[in-house]
Structure formats: structure tokens, C-alpha cells
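The values are calculated or read from the model by the stated rules, or taken from the named source; none is laboratory data. None of the values given here were measured: they were computed from a predicted structure. No Cβ is skipped: glycine too gets one built from the backbone with ideal geometry, and neighbour counts run over all protein chains shown.
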Amino acid sequence: MEELLCIGCGAPIQTQDKTGLGYTPQSALDKGLETGDLYCQRCFRLRHYNEISDVQLTDDDFLRLLHEVGDSQALVVNVVDIFDFNGSVIPGLPRFIAGNDLLLVGNKRDILPKSVKDKRVSQWLLERAHEEGLRPLDVILTSAYKKEAIKELIAKIEHYRKGRDVYVVGVTNVGKSTLINAIIQELSGDKDIITTSRFPGTTLDKIEIPLADGSYIYDTPGIIHRHQMAHYLSAKNLKYISPKKEIKPKTYQLNPEQSLFLGGLARFDFIAGERQGFTAYFDNNLKLHRTKLEGASDFYQKHVGSLLVPPTGKELADFPELVRHEFTIKEKTDLVFSGLGWLRVTGPAKIAAWAPKGVAVVLRKAII
């Protein structure tokens, strides 16, 4: 009997194990076979009720899929989050795709302020990719959510694939399946075929999308990256790190020995330098709180979860400790909190950044 696959997440459909991958009741399976809309119960609930049930793939499952990519002759399209390049990097990807061509796609362009120049963002992504051992043929910026630059992306894929299959890879929560849906809609007119959500890890097995010449685009599951900010927050609070609207910069005039708390997720210390403005680029709903550097750690312990949110509720028990990173800034620089946003520092200044353990804090040349 031909194997039936969920068109939302790619998992094999089965009717026996309610807790397993691809489970769907027999009645729903019969209906799906009639209509052609064959979704597992998990995807059905996610699409219609925004409910998610935990189904875990092991690291071995992801390694198997990456080996499959590496063993094929294909164009690899690596989707990264412009706001979270460090959290978007697939560990060991250069080794797995050795010999295959790579196209790098920076997603969520629509969230960046309009004053940000695409060329600077593309150059920064290219530099970071080189530091990770990746050698992309090209970089393109898109917005899967707003369907921006989708035609341009399809044209680049067609140009670089040269008749080969295409594997789309990325870590969880970068908008990869939303991007695939936008490509499918552009090519065929079909909307929202693949299951998408804010929740990390909603594609569970590779999904095949046929192309006119007999080749395929394969959408692969999001690789779990242990140090993404998204893994520390509940569904309710993911909105603070997955903005849907253009970020509006806010400038704070700080004296030395003052601190800014970025909700309860991170902290910025202005240690020494002339009084100056620091421009914050974070989700518009994230509350920033200014306080004195002296006693800031005690202030955090007292107010995290109440005045300083998120995290909230049950997240607090598992939220990692904040780790300090110190920098000396000499010229206009962006201090990037991976997966959250950035502060523009004019300098000269001695500063410190605090972020959850494992979440990267990096410097880059100011992109504005």
C-alpha cells in the first residue's frame, strides 16, 4: 500500500498510535482521502486552533536528513533569521553539504526599519557565513510573512539549481515553512499547504514539492538549535522575539553607570564614557527599563517576572541565568543580542551586555 504523508508536516500518516508522528483518526483519514487535504491530527489542530502537541524528533533524525542532503547533488537553500544569525547556524552544515552549491536567504526583512540598507545587511550575513565556514554563491533578503522578494528568490533558485533538486534547510523558527508556502503560492496559486506557526519545529519530515522539469524542492524539518531564545519562552511570549511589524527605534540618553533592562530577557550596562544616546532596535512591545548600574543584579532578581517581563509564570523556573559580556567600543557599532535585536552604540564607550547562558552577543559595524 502506498505510504500516505501529511501535507502539513511530511510525517507518514498512521491511525494506531495517538501519541506518535502522523496520527490521524480513521474518520479524518477517510475524509482526507476524499478531499485530498490529508493532514495529521497535530497539523489539523495547529492550523485550525493554533494548538500544538509535543512530538520530538531526535538529533539522530536530523543528522539522517542532513546526511541525505550531503549525499545528493543539489542546490542547498539555507534560510536564516536576520535577527538571529548565530541562532540560525546549523552546526556542522559546511561539512554536511560539502560539494553542493549554497544560496543564503536572510528572512524577516520586513521587520527591519526602512532606514536599514539591504546591501549592508547582505554584506554582514555574507561575512558571518564565511566565519562559519559557509561559502554561499549569493545572498538574498526576503520576507516570507509579507511575501517580499519571492519572485526574485524563485529566479535565483532557478538560476543556480541548473536542473538539480533543491533542499531548503534551516533551524527552527526562522520562517522556513512560511517561505516554502510563499514559493508554492507563487508557482501554483495554492495557499498555506505546509503547516506553519510561531512554535519551533512544526515540519516533521521532508516535504516534496515537484517542479516542472521533474526535479523537486524538499522542505526539511527545522533543525533544533539549543541556544535560540525561542526555546526559553512560552507561545504567549514568543511575540516579543518574533515581531510581525517593522521595528520602531527608540533612543535612550544614558550617563555612565546606568543600565537598561530589555524586559527580563537581557541587560545592557553603560560602564564608562561620555553621556550619549543608545538606540534600541527591539520588538515594539518589549518594555525597556532604565536603572542604576549599582545594584542592577539585585534589581533583576527582585523584579524579573513582574516589572521585567518576559519571562513570566512557569518560564521563570527554567529561564537560564544571564551571562556578562564586556566590550570596549571605539566607533559606531551595533551590539547584537542574538534572536532579540540590537543596540546601536555611538562610542567611545565601555559597555557590558548580559544575555541568557548560551545565547550569543556579538558586535558588528552599525548597519544604520
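Observations on the structure shown:
Residue-by-condition table, conditions (1) at pLDDT below 80; (2) assigned to a helix (DSSP H, G or I); (3) closer than 26 Å to His159 by Cβ:
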site	(1), (2), (3)
Gln185	no, yes, yes
Asp192	yes, no, no
Phe199	yes, no, no
Leu204	yes, no, no
Ala212	no, no, yes
Ile217	no, no, yes
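- In segment 240-259, the residues that are part of a helix (DSSP H, G or I) and either surrounded by fewer than 20 Cβ atoms within 10 Å (Cβ to Cβ) or assigned by TED's automatic domain parsing to the domain that holds Arg290 (or both): none
- Conditions (1) under 14 Å from the mean Cα position of the chain (by Cα); (2) at pLDDT 95 or above: number failed by Asp84: (2)
- Within segment 81-100, considering residues that are among the hydrophobic types (A, V, I, L, M, F, W, C) and out of contact with any Asp or Glu (no Cβ under 8 Å at 6 or more places or on another chain), the one farthest from Lys176 (Cα to Cα): Ala98
- So Leu125, is it surrounded by 13 or more Cβ atoms within 10 Å (Cβ to Cβ), modelled with pLDDT under 90 and within 19 Å of the chain's Cα centre (by Cα): no
- For segment 271-368, the strands (runs of 3 or more DSSP E) that sit wholly inside it and include 3 or more residues that are surrounded by fewer than 20 Cβ atoms within 10 Å (Cβ to Cβ) are 276-281, 288-292, 322-329, 361-365.
Yes/no per residue for (1) touching a Cys at 6+ places or on another chain (Cβ under 6 Å); (2) within 27 Å of Ser234 (Cα to Cα); (3) surrounded by 15 or more Cβ atoms within 10 Å (Cβ to Cβ); (4) modelled with pLDDT under 85:
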site: Ser27; (1), (2), (3), (4): no, no, no, no
site: Cys43; (1), (2), (3), (4): yes, yes, yes, yes
site: Val55; (1), (2), (3), (4): no, yes, yes, yes
site: Gln73; (1), (2), (3), (4): no, no, no, no
site: Ser88; (1), (2), (3), (4): no, yes, yes, no
site: Leu93; (1), (2), (3), (4): no, no, yes, no
site: Asp101; (1), (2), (3), (4): no, no, yes, no
site: Ala129; (1), (2), (3), (4): no, no, yes, no
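- Scanning segment 101-119 for residues that are over 19 Å from Asn181 (Cα atoms) and either assigned by TED's automatic domain parsing to the domain that holds Phe282 or free of Cβ contacts under 8 Å to residues at least 40 places away in the same chain (or both) yields Leu102, Asp118, Lys119.
- Residue satisfying condition, being buried (at least 21 other Cβ atoms within 10 Å of the Cβ) and of a type in the set (Lys, Arg), within set Lys146, Lys108: Lys108
- Answer residue from segment 239-251, given it is closer than 22 Å to Leu322 by Cα and out of contact with any Pro (no Cβ under 9 Å at 6 or more places or on another chain) and is modelled with the lowest pLDDT among those: Ser242
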